[in-house]
Amino acid sequence: MSAKHIFFLTSVSKSLYYGTSQRHVEQSGDFLDSSLRQLSHSRVTVALLFNVKREAMQEQGSPTPTSSPLDLPSSTLLQVNSELSSIRKPEPSAIANDLYAEWDTMETVEAVKSAIEEHHEVLMIEADEHAYGKLLRQKPDFVFNMSEGLHGVSREAQIPAMLEMLHLPYLGSDPLTLGMCLDKARTKEILSYHRIPNAPFAVVRTMEEFEDTRVRFPAMVKPLHEGSSKGIFNSCLVANTEELQRETERILKTYGQPALVEEFLPGREFTVAILGNGVSARTLPIVEIRFDALPAGVNPIYSYEAKWIWDKAENPLEIFQCPAQLDGELQEQIERICLEAYGALSCRDWARVDVRLNRAGKPCILEINPLPGILPKPEDNSCFPKAARAAGMSYNELILTVLQIAFTRCRLATSPRKTPAAVIA
């Protein structure tokens, strides 16, 4: 994708620039151009498909992190080497139940519903085994899909596949893209084919294969088919073969899936929100994850503890900076590879791309999330809404904008229709 299609938001002037031409465009609170911000005034029926977190997940406790000498700021490249072999790694929290980590709270679902209701009717459908029958009976005009699923490596693709069977247009990527992005190794293979930088890796499917694992230490170990930091604990940064074996065995046993082993990228970490399709795909202001905001002594990774335990809405960590402080060249590199990855995986409408710098300070793709988290409150530290706010968009504007992007892609001819108020189907 040509850089001329990328917008940049500067933290000083809050103005937009075209990447290569440096043509200055005044910003008046809008990030996207007018063609993407014009919302339909015709009301349609939008089915909101969702999964809701279980109470057990929301009420879990907050363990105290174990101290470790690896306490380095994100402002410079972390100097990680063989000396890590002497560092003690805390075990994953025994009380952490991450089964529903990817699911939304009812607060988030209600916030999305409220935003859509500004222009359309909303039909609420929980994405469970009864969803197909409800969709078949209700026949909505469009589906706002935010369902993650629970069972199987294709769980995020199950609802979109169902929608395609029913010929219902929907928001977001298709089943193939959702399935590939949830398989981190397949994603990395596709990125590597397109020469988009990512960390060297290996997949361990059984402990019998463990001896064949060849990866440079320190390394990261994570489940192959998870998101929202599921299975990624503070202990997943390993420094030697003994620690690698321990974490690999834990993932195989706990999650019943292969372990992805990656060379650890020791530099700064960012996440990039993207809106749009084809040449109209745009990056929002880049978010940096600042590891110096984590509790003292923990590893510089965005772990499950960092995302869900130590960072609480009532006492949020100052872990994000948006827009990230970047020189122009590094910002262009990050935005370029993110848009390339978005295109290579055939993402649609929106996605969030995670990036980390390698030892040489070059950006590499960590993973791609075509079902981005969209927690509504600023104190919830949800990256996509945070990037949208930095671009001058409210939460409701973000939801309505991506909805209109999907309408345009689907060539949805909207027309007024009378439907009941939002109900649980």
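Quick rundown of the values:
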item	result
Within the stretch 100-151, considering residues that are under 19 Å from the mean Cα position of the chain (by Cα) and β-branched (Val, Ile, Thr), the one modelled with the lowest pLDDT	Thr105
Complete set of residues in the stretch 350-406 that are without any contact (Cβ under 8 Å) to a residue 60 or more places away in the chain and among the hydroxyl-bearing types (Ser, Thr, Tyr)	Ser382, Ser394
Those residues of the stretch 325-357 which are farther than 12 Å from Ile274 by Cβ, among the hydrophobic types (A, V, I, L, M, F, W, C) and in a loop (DSSP other than H, G, I, E, B), in sequence order	Leu326
Among the candidates Ser235, Ser229, residue that is of a type in the set (Ser, Thr, Tyr), out of contact with any Leu (no Cβ under 8 Å at 6 or more places or on another chain), at pLDDT below 90 and within 26 Å of Gly361 (Cβ to Cβ)	Ser229
Residue selected from the stretch 101-142 under the condition in a strand (DSSP E or B) and touching a Pro at 6+ places or on another chain (Cβ under 7 Å), by the criterion surrounded by the most Cβ atoms within 10 Å (Cβ to Cβ)	Leu123
Residues of the stretch 152-174 classified as of a type outside the set (Gly, Ala, Ser), assigned to a helix (DSSP H, G or I) and either under 19 Å from Ile274 (Cα atoms) or within 17 Å of the chain's Cα centre (by Cα) (or both), total	2
Pairs, first of a type in the set (Gly, Ala, Ser) in the stretch 157-173, second surrounded by 15 or more Cβ atoms within 10 Å (Cβ to Cβ) and assigned to a helix (DSSP H, G or I), C-beta under 6 Å, six or more apart	Ala157/Pro175; Ala157/Leu178; Ala157/Gly179; Ala161/Pro175
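The values are calculated or read from the model by the stated rules, or taken from the named source; none is laboratory data. Remember, predicted model here, so these are calculated numbers, not experimental data. Methodologically, a virtual Cβ is constructed for each residue, glycine included, from the backbone with ideal geometry; neighbour enumeration extends over all protein chains shown.
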